[in-house]
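Heads up, the thing below is written out as C-alpha coordinates.
The values are calculated or read from the model by the stated rules, or taken from the named source; none is laboratory data. Keep in mind that what you see is a predicted model, and the values were worked out from it rather than measured. Backbone-built Cβ (ideal geometry, glycine too); neighbour counts: all protein chains shown. The accessibility values were calculated without ligands, DNA or RNA, using every heavy atom of the protein model including side chains. Shrake-Rupley method; radii C 1.70, N 1.55, O 1.52, S 1.80 Å.
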Amino acid sequence: MSRPIASTLPGALPRLSPKAVGLLAALVTVLIWTAFIVVARASADPARAPTLTPLDIVFARLLGAGLILLPLGWWLTQTQRAHQREAGQLPTAGSLWGLSPLPLRTTVLTGLFGGLLYSMLAYNGFVFAPAAHASVLMPGSLPLWTTLLAVFVLGEHISGSRAIGLVCIVVGDLLVGGASLLHALDGSGVWRGDLLFILAAFTWSCYSVLVRKYASLAVHATTAITVFAFLVYVPSYLALVWVGLIPGQVFTAPLHDVLWQMLMQGVASVVVSGISFNMMIRAYGPVRSTMLTAVVPGLSALSAALILNEPLPWNVLLGLTLVTVGIVFGVRQAGAKNP
(Lines give C-alpha, C1' and ligand atoms only; values in the text may rest on other atoms or scores of the structure.)
Protein backbone atom coordinates (compact mmCIF):
# COMPACT_ATOMS: atom_id res chain seq x y z
CA MET A 1 0.00 0.00 0.00
CA SER A 2 1.34 3.42 -0.91
CA ARG A 3 1.93 5.95 1.82
CA PRO A 4 -0.40 8.98 2.20
CA ILE A 5 0.72 12.04 0.28
CA ALA A 6 1.35 14.01 3.43
CA SER A 7 3.83 11.41 4.66
CA THR A 8 6.03 11.92 1.58
CA LEU A 9 6.40 15.65 2.12
CA PRO A 10 9.15 17.41 4.04
CA GLY A 11 8.87 17.60 7.81
CA ALA A 12 7.30 21.05 7.64
CA LEU A 13 3.99 19.53 6.46
CA PRO A 14 3.52 16.35 8.53
CA ARG A 15 0.05 17.14 9.86
CA LEU A 16 -1.69 18.09 6.62
CA SER A 17 -4.37 15.68 5.45
CA PRO A 18 -4.29 14.30 1.90
CA LYS A 19 -7.22 16.59 1.05
CA ALA A 20 -5.37 19.65 2.34
CA VAL A 21 -2.22 18.69 0.46
CA GLY A 22 -4.30 18.18 -2.70
CA LEU A 23 -5.88 21.60 -2.29
CA LEU A 24 -2.46 23.20 -1.82
CA ALA A 25 -1.17 21.37 -4.90
CA ALA A 26 -4.16 22.55 -6.92
CA LEU A 27 -3.54 26.15 -5.86
CA VAL A 28 0.14 25.91 -6.82
CA THR A 29 -0.69 24.35 -10.19
CA VAL A 30 -3.30 26.94 -11.13
CA LEU A 31 -1.07 29.85 -10.05
CA ILE A 32 1.94 28.57 -12.01
CA TRP A 33 -0.07 27.83 -15.16
CA THR A 34 -1.60 31.29 -14.95
CA ALA A 35 1.75 32.96 -14.29
CA PHE A 36 3.32 31.06 -17.20
CA ILE A 37 0.99 32.76 -19.68
CA VAL A 38 1.32 36.25 -18.20
CA VAL A 39 5.10 36.11 -17.75
CA ALA A 40 5.69 34.59 -21.20
CA ARG A 41 3.66 37.36 -22.87
CA ALA A 42 5.42 40.08 -20.87
CA SER A 43 8.79 38.56 -21.76
CA ALA A 44 8.17 38.13 -25.51
CA ASP A 45 5.96 41.11 -26.42
CA PRO A 46 8.00 43.31 -28.82
CA ALA A 47 6.20 46.39 -27.52
CA ARG A 48 7.84 45.89 -24.12
CA ALA A 49 11.42 45.86 -25.50
CA PRO A 50 12.27 42.36 -24.27
CA THR A 51 15.89 41.54 -23.47
CA LEU A 52 15.48 37.91 -24.57
CA THR A 53 14.11 36.37 -27.76
CA PRO A 54 11.67 33.43 -27.67
CA LEU A 55 14.54 31.08 -28.53
CA ASP A 56 16.51 32.53 -25.60
CA ILE A 57 13.58 31.84 -23.28
CA VAL A 58 13.38 28.23 -24.48
CA PHE A 59 17.09 27.91 -23.70
CA ALA A 60 16.59 29.35 -20.19
CA ARG A 61 13.57 27.08 -19.62
CA LEU A 62 15.48 23.93 -20.53
CA LEU A 63 18.58 24.99 -18.63
CA GLY A 64 16.62 25.71 -15.45
CA ALA A 65 14.63 22.47 -15.62
CA GLY A 66 17.65 20.45 -16.79
CA LEU A 67 19.77 21.38 -13.79
CA ILE A 68 17.24 19.53 -11.64
CA LEU A 69 15.79 16.85 -13.89
CA LEU A 70 18.94 15.56 -15.59
CA PRO A 71 20.47 14.42 -12.25
CA LEU A 72 17.04 13.07 -11.25
CA GLY A 73 16.81 11.14 -14.52
CA TRP A 74 20.24 9.59 -13.93
CA TRP A 75 19.23 8.56 -10.40
CA LEU A 76 15.92 7.06 -11.58
CA THR A 77 17.69 5.09 -14.29
CA GLN A 78 20.38 3.81 -11.92
CA THR A 79 17.67 2.73 -9.47
CA GLN A 80 15.80 0.83 -12.17
CA ARG A 81 18.99 -0.86 -13.36
CA ALA A 82 19.87 -1.85 -9.79
CA HIS A 83 16.46 -3.52 -9.44
CA GLN A 84 17.05 -5.35 -12.72
CA ARG A 85 20.40 -6.64 -11.46
CA GLU A 86 18.81 -7.81 -8.21
CA ALA A 87 16.24 -9.70 -10.27
CA GLY A 88 19.01 -11.37 -12.27
CA GLN A 89 18.20 -9.40 -15.43
CA LEU A 90 20.43 -7.50 -17.82
CA PRO A 91 20.38 -3.81 -16.72
CA THR A 92 18.82 -2.17 -19.79
CA ALA A 93 16.51 0.44 -18.22
CA GLY A 94 16.60 4.01 -19.43
CA SER A 95 18.17 5.63 -22.48
CA LEU A 96 20.26 8.59 -23.65
CA TRP A 97 23.36 7.60 -21.66
CA GLY A 98 21.25 6.79 -18.62
CA LEU A 99 19.81 10.29 -18.26
CA SER A 100 16.26 9.39 -19.34
CA PRO A 101 14.34 6.85 -17.24
CA LEU A 102 12.20 5.86 -20.27
CA PRO A 103 13.12 3.75 -23.34
CA LEU A 104 14.64 5.59 -26.30
CA ARG A 105 11.58 5.47 -28.57
CA THR A 106 9.28 6.74 -25.83
CA THR A 107 11.77 9.42 -24.82
CA VAL A 108 12.19 10.70 -28.38
CA LEU A 109 8.48 10.79 -29.22
CA THR A 110 7.30 12.38 -25.96
CA GLY A 111 10.31 14.70 -25.82
CA LEU A 112 9.78 15.91 -29.38
CA PHE A 113 6.16 16.90 -28.79
CA GLY A 114 6.05 17.75 -25.08
CA GLY A 115 9.52 19.20 -24.58
CA LEU A 116 10.87 20.65 -27.83
CA LEU A 117 8.03 21.63 -30.18
CA TYR A 118 5.65 22.84 -27.45
CA SER A 119 8.15 25.32 -26.01
CA MET A 120 9.28 26.70 -29.36
CA LEU A 121 5.73 27.14 -30.67
CA ALA A 122 4.28 28.62 -27.47
CA TYR A 123 6.98 31.23 -26.79
CA ASN A 124 7.04 32.39 -30.41
CA GLY A 125 3.26 32.74 -30.30
CA PHE A 126 3.53 35.32 -27.52
CA VAL A 127 5.47 37.59 -29.90
CA PHE A 128 2.36 38.11 -32.04
CA ALA A 129 -0.74 37.52 -29.89
CA PRO A 130 -1.88 38.73 -26.45
CA ALA A 131 -2.13 36.57 -23.35
CA ALA A 132 -5.94 36.33 -23.56
CA HIS A 133 -5.63 34.56 -26.91
CA ALA A 134 -3.11 32.13 -25.39
CA SER A 135 -5.52 31.51 -22.51
CA VAL A 136 -8.25 30.36 -24.88
CA LEU A 137 -6.19 28.62 -27.53
CA MET A 138 -3.65 26.73 -25.37
CA PRO A 139 -5.06 25.41 -22.05
CA GLY A 140 -8.58 25.98 -23.39
CA SER A 141 -8.23 23.80 -26.48
CA LEU A 142 -6.24 20.98 -24.84
CA PRO A 143 -9.38 18.88 -24.11
CA LEU A 144 -10.42 19.19 -27.77
CA TRP A 145 -7.14 18.00 -29.26
CA THR A 146 -6.57 15.37 -26.58
CA THR A 147 -10.02 13.85 -27.07
CA LEU A 148 -9.71 13.75 -30.87
CA LEU A 149 -6.25 12.19 -30.69
CA ALA A 150 -7.44 9.66 -28.10
CA VAL A 151 -10.18 8.55 -30.49
CA PHE A 152 -7.75 7.85 -33.32
CA VAL A 153 -4.72 6.66 -31.31
CA LEU A 154 -6.30 4.94 -28.29
CA GLY A 155 -9.68 4.03 -29.76
CA GLU A 156 -11.66 5.88 -27.09
CA HIS A 157 -15.32 6.79 -27.52
CA ILE A 158 -16.72 10.34 -27.29
CA SER A 159 -19.85 10.47 -25.16
CA GLY A 160 -22.72 12.81 -25.98
CA SER A 161 -22.00 15.07 -23.01
CA ARG A 162 -18.33 15.36 -23.89
CA ALA A 163 -19.26 16.14 -27.50
CA ILE A 164 -21.37 19.07 -26.30
CA GLY A 165 -18.46 20.34 -24.24
CA LEU A 166 -16.12 20.05 -27.23
CA VAL A 167 -18.54 22.00 -29.41
CA CYS A 168 -18.46 24.84 -26.87
CA ILE A 169 -14.64 24.77 -26.97
CA VAL A 170 -14.56 24.85 -30.78
CA VAL A 171 -16.97 27.79 -30.93
CA GLY A 172 -14.95 29.63 -28.28
CA ASP A 173 -11.72 29.04 -30.21
CA LEU A 174 -13.31 30.28 -33.42
CA LEU A 175 -14.52 33.45 -31.73
CA VAL A 176 -10.92 34.25 -30.83
CA GLY A 177 -8.88 32.79 -33.67
CA GLY A 178 -11.50 33.45 -36.33
CA ALA A 179 -11.62 37.14 -35.47
CA SER A 180 -7.85 37.33 -35.89
CA LEU A 181 -8.03 35.67 -39.30
CA LEU A 182 -10.53 38.31 -40.43
CA HIS A 183 -7.77 40.87 -39.87
CA ALA A 184 -4.99 38.79 -41.40
CA LEU A 185 -4.17 41.48 -43.95
CA ASP A 186 -4.10 44.47 -41.61
CA GLY A 187 -0.46 43.86 -40.68
CA SER A 188 -1.09 43.08 -37.00
CA GLY A 189 0.09 39.50 -37.26
CA VAL A 190 -2.08 38.37 -34.34
CA TRP A 191 -3.33 35.44 -36.41
CA ARG A 192 0.23 34.09 -36.53
CA GLY A 193 0.33 33.94 -32.75
CA ASP A 194 -3.10 32.28 -32.63
CA LEU A 195 -1.94 29.63 -35.10
CA LEU A 196 1.21 28.99 -33.05
CA PHE A 197 -0.87 28.66 -29.87
CA ILE A 198 -3.18 26.13 -31.55
CA LEU A 199 -0.18 24.13 -32.77
CA ALA A 200 1.38 24.29 -29.30
CA ALA A 201 -1.80 22.89 -27.75
CA PHE A 202 -1.83 20.16 -30.39
CA THR A 203 1.77 19.12 -29.64
CA TRP A 204 1.08 19.00 -25.89
CA SER A 205 -1.99 16.88 -26.56
CA CYS A 206 0.18 14.52 -28.64
CA TYR A 207 2.51 14.25 -25.65
CA SER A 208 -0.40 13.58 -23.27
CA VAL A 209 -1.83 10.82 -25.47
CA LEU A 210 1.61 9.24 -25.90
CA VAL A 211 2.10 9.19 -22.11
CA ARG A 212 -1.24 7.42 -21.75
CA LYS A 213 -0.38 5.00 -24.57
CA TYR A 214 2.95 4.05 -23.05
CA ALA A 215 1.57 4.18 -19.46
CA SER A 216 4.45 6.40 -18.33
CA LEU A 217 4.67 7.67 -14.76
CA ALA A 218 4.33 11.45 -14.44
CA VAL A 219 7.79 12.05 -12.95
CA HIS A 220 9.45 9.75 -15.47
CA ALA A 221 7.68 11.42 -18.40
CA THR A 222 8.47 14.95 -17.20
CA THR A 223 12.11 14.00 -16.74
CA ALA A 224 12.35 12.23 -20.11
CA ILE A 225 10.95 15.11 -22.18
CA THR A 226 13.28 17.56 -20.47
CA VAL A 227 16.32 15.33 -21.03
CA PHE A 228 15.54 14.92 -24.74
CA ALA A 229 14.78 18.61 -25.32
CA PHE A 230 17.87 19.65 -23.35
CA LEU A 231 20.25 17.36 -25.25
CA VAL A 232 18.83 18.37 -28.64
CA TYR A 233 18.13 22.07 -28.15
CA VAL A 234 20.86 23.40 -25.88
CA PRO A 235 23.88 22.33 -28.01
CA SER A 236 22.07 23.37 -31.21
CA TYR A 237 21.19 26.79 -29.78
CA LEU A 238 24.74 27.42 -28.57
CA ALA A 239 26.24 26.37 -31.91
CA LEU A 240 23.84 28.52 -33.96
CA VAL A 241 24.41 31.54 -31.74
CA TRP A 242 28.17 31.05 -31.91
CA VAL A 243 28.21 31.03 -35.74
CA GLY A 244 25.75 33.92 -35.88
CA LEU A 245 22.82 32.13 -37.55
CA ILE A 246 20.34 33.13 -34.83
CA PRO A 247 20.36 36.35 -32.78
CA GLY A 248 20.80 34.86 -29.32
CA GLN A 249 20.89 37.39 -26.49
CA VAL A 250 21.19 35.08 -23.50
CA PHE A 251 24.87 36.00 -23.05
CA THR A 252 24.37 39.76 -23.45
CA ALA A 253 21.10 40.22 -21.56
CA PRO A 254 21.14 41.17 -17.86
CA LEU A 255 21.92 38.12 -15.74
CA HIS A 256 18.85 38.61 -13.54
CA ASP A 257 16.60 38.37 -16.62
CA VAL A 258 18.12 35.02 -17.58
CA LEU A 259 17.95 33.70 -14.02
CA TRP A 260 14.31 34.82 -13.73
CA GLN A 261 13.38 32.87 -16.87
CA MET A 262 15.28 29.82 -15.63
CA LEU A 263 13.39 30.00 -12.36
CA MET A 264 9.92 30.81 -13.73
CA GLN A 265 9.84 28.95 -17.04
CA GLY A 266 12.15 26.08 -16.05
CA VAL A 267 11.94 25.32 -12.34
CA ALA A 268 8.38 26.53 -11.72
CA SER A 269 6.58 25.74 -14.99
CA VAL A 270 8.30 22.40 -15.69
CA VAL A 271 9.45 20.94 -12.36
CA VAL A 272 7.19 22.38 -9.64
CA SER A 273 3.93 22.37 -11.62
CA GLY A 274 4.69 18.89 -12.90
CA ILE A 275 5.00 17.60 -9.32
CA SER A 276 2.04 19.61 -7.99
CA PHE A 277 -0.22 18.45 -10.82
CA ASN A 278 0.68 14.85 -10.04
CA MET A 279 -0.06 15.40 -6.33
CA MET A 280 -3.40 16.99 -7.23
CA ILE A 281 -4.37 13.97 -9.32
CA ARG A 282 -3.46 11.64 -6.44
CA ALA A 283 -5.67 13.62 -4.07
CA TYR A 284 -8.68 14.44 -6.28
CA GLY A 285 -8.43 12.11 -9.27
CA PRO A 286 -8.07 13.19 -12.91
CA VAL A 287 -11.69 14.30 -13.33
CA ARG A 288 -11.86 16.73 -10.42
CA SER A 289 -8.31 17.90 -11.17
CA THR A 290 -9.30 18.91 -14.69
CA MET A 291 -12.29 20.80 -13.31
CA LEU A 292 -9.98 22.73 -10.97
CA THR A 293 -7.62 23.70 -13.80
CA ALA A 294 -10.58 24.90 -15.88
CA VAL A 295 -10.21 28.27 -14.14
CA VAL A 296 -6.82 28.87 -15.80
CA PRO A 297 -8.09 30.36 -19.12
CA GLY A 298 -10.26 32.98 -17.46
CA LEU A 299 -7.84 33.70 -14.63
CA SER A 300 -4.85 34.19 -16.93
CA ALA A 301 -6.80 36.44 -19.30
CA LEU A 302 -8.04 38.62 -16.44
CA SER A 303 -4.54 38.72 -14.92
CA ALA A 304 -3.09 39.88 -18.23
CA ALA A 305 -5.71 42.61 -18.46
CA LEU A 306 -4.89 43.85 -14.96
CA ILE A 307 -1.09 43.42 -15.02
CA LEU A 308 -0.23 43.99 -18.68
CA ASN A 309 -3.12 46.35 -19.50
CA GLU A 310 -4.15 44.16 -22.43
CA PRO A 311 -7.71 44.66 -23.71
CA LEU A 312 -10.45 42.07 -23.42
CA PRO A 313 -12.80 42.59 -26.39
CA TRP A 314 -16.23 40.99 -26.42
CA ASN A 315 -15.22 38.10 -28.69
CA VAL A 316 -12.38 37.10 -26.34
CA LEU A 317 -14.61 37.32 -23.26
CA LEU A 318 -17.30 35.23 -24.94
CA GLY A 319 -14.68 32.78 -26.20
CA LEU A 320 -13.25 32.41 -22.68
CA THR A 321 -16.72 31.77 -21.29
CA LEU A 322 -17.56 29.12 -23.87
CA VAL A 323 -14.22 27.34 -23.48
CA THR A 324 -14.49 27.27 -19.68
CA VAL A 325 -18.09 26.04 -19.83
CA GLY A 326 -17.06 23.39 -22.35
CA ILE A 327 -14.27 22.09 -20.13
CA VAL A 328 -16.34 22.03 -16.94
CA PHE A 329 -19.45 20.60 -18.64
CA GLY A 330 -17.61 17.79 -20.40
CA VAL A 331 -15.55 16.83 -17.37
CA ARG A 332 -18.45 17.07 -14.92
CA GLN A 333 -20.58 14.78 -17.06
CA ALA A 334 -17.70 12.33 -17.35
CA GLY A 335 -17.22 12.54 -13.59
CA ALA A 336 -20.88 11.66 -13.03
CA LYS A 337 -20.26 8.37 -14.82
CA ASN A 338 -16.75 7.80 -13.48
CA PRO A 339 -16.48 9.27 -9.96
Inset, instruction - Tell me which residues come under 5 Å, amide H to amide H, from S100 once H is placed; ignore anything under 5 positions away on its chain. - result: S95
Legend entry - Most to least packed among 150-160, 164-174 [average Cβ atoms within 10 Å]: 164-174, 150-160
Inset, instruction - Based on the mean of other Cβ atoms within 10 Å per residue, sort peptides 309-316, 62-69 so the most packed one is first. - result: 62-69, 309-316
Inset, instruction - Roll a 1.4 Å probe over the protein chains and send me the accessible area per residue for the stretch 36-117 in Å². - result: 44
Legend entry - Charge context of L137, other residues only, Cβ under 10 angstrom, K/R +1, D/E -1: -2
Legend entry - Hull-based mean projected area of the stretch 53-170, where the convex hull spans the alpha carbons, in square nanometres: 10.3
Inset, instruction - Take the Cβ-Cβ distance between H83 and L23 as r, set R0 to 41 Å, and report the resulting FRET efficiency rounded to the nearest 0.05. - result: 0.75
Inset, instruction - For the chain, calculate the relative contact order in percent as a whole number, restricting contacts to Cα pairs under 8 Å that are 6 or more residues apart. - result: 34
Legend entry - Volume of the Cα convex hull of the stretch 26-122, divided per residue and given in Å³: 117
Inset, instruction - Could you check how much of the accessible area of the chain is carbon and sulfur, as a whole percent, using a 1.4 Å probe? - result: 72
Inset, instruction - Treating only the Cβ atoms of Lys and Arg (+1) and Asp and Glu (-1) as charged, compute the dipole magnitude of the chain about its Cα centre; round to the nearest 20 debye. - result: 1080
Legend entry - Radius ratio Rg over Rh of the chain, counting only Cα atoms, Kirkwood formula for Rh: 0.97
Inset, instruction - Anything in the chain that counts as a DSSP H helix reaching 30 Å or more along its axis (C-alpha) with Kyte-Doolittle mean of at least 0.5? List them, would you? - result: 18-44, 190-214, 218-242, 314-337
Inset, instruction - Could you state how much accessible area S17 has, in square angstrom rounded to the nearest 10, with a 1.4 Å probe and all protein chains kept in place? - result: 60
Inset, instruction - Multiply the residue gap between L148 and L259 by 0.36 nm, knock off their C-alpha separation, and tell me the result in nm, one decimal place. - result: 36.2 nm
Inset, instruction - Grab every C-alpha pair in the stretch 218-272, bin the distances at 10 angstrom width from 0 up to the longest one, and report whole percents. - result: 21, 42, 31, 6
Inset, instruction - Mind grabbing the accessible area of F230 for me, 1.4 Å probe, Å², rounded to tens? - result: 40
Inset, instruction - Go from 0 up to the bin containing the longest alpha carbon distance in the stretch 105-144, width 5 Å each, and give me the % of pairs per bin. - result: 6, 21, 23, 23, 16, 8, 3, 0
Inset, instruction - Could you sort 255-266, 81-92, 135-146 so that the peptide with the highest average Cβ count within 10 Å comes first and the rest follow in order? - result: 135-146, 255-266, 81-92
Inset, instruction - Rank these by accessible area, largest first, 1.4 Å probe: Y214, Y123. - result: Y214, Y123
